[in-house]
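To start, the structure under review is shown below, and the notes come after it.
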Amino acid sequence: MTGTVVTLRGRGSRQVKESNAWLDRTDLARELTLSVDTLQRWETRRMGPPCVRVGRKVLYRMEAVRDWLREQEARKAGVGRAVTGRR
């Protein structure tokens, strides 16, 4: 199974295969231009992208992050909700 190659931005840019790509918290924070503290807070409140803990390491699957971002986009756009006009 081959996947698309994705280049991560930032210092020490690296390429990973999209189909089984995992990011650590620092890489995801850099990709989303957020602080690591924000991702930690979201994990504690169970409101950010899904993650997996392996010992002390926190990992995010790229496809799960994309799905989460799509959900946020849909929620913001009001997909699935009745839209009412202003009176």
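A short reminder: the numbers here are calculations on the coordinates, not readings from a lab. Keep in mind it's a predicted model, so treat the numbers as computed, not measured. Neighbour counts run over all protein chains shown; Cβ positions are idealised from the backbone, glycine included.
Among 54-61, 70-77, 20-27, sorting by the average number of other beta carbon atoms lying within 10 angstrom of each residue, highest first, gives 20-27, 54-61, 70-77. Label positions at THR26 and VAL54, each projected 7 Å from the Cα along the C-beta direction, are separated by 1.6 nm. Couplings 3J(HN,Hα) for segment 40-49, derived from phi with the Karplus relation 6.51 cos²θ - 1.76 cosθ + 1.60 (θ = phi - 60°), are 5, 5, 4, 4, 4, 8, 6, 10, x, x Hz, where x marks Gly and Pro. Just check segment 20-71 against the gyration tensor rule for me: Cα atoms, a ≥ b ≥ c as the square roots of the eigenvalues, rounded for a/c under 1.5, and otherwise prolate or oblate depending on whether a/b exceeds b/c. Rounded.
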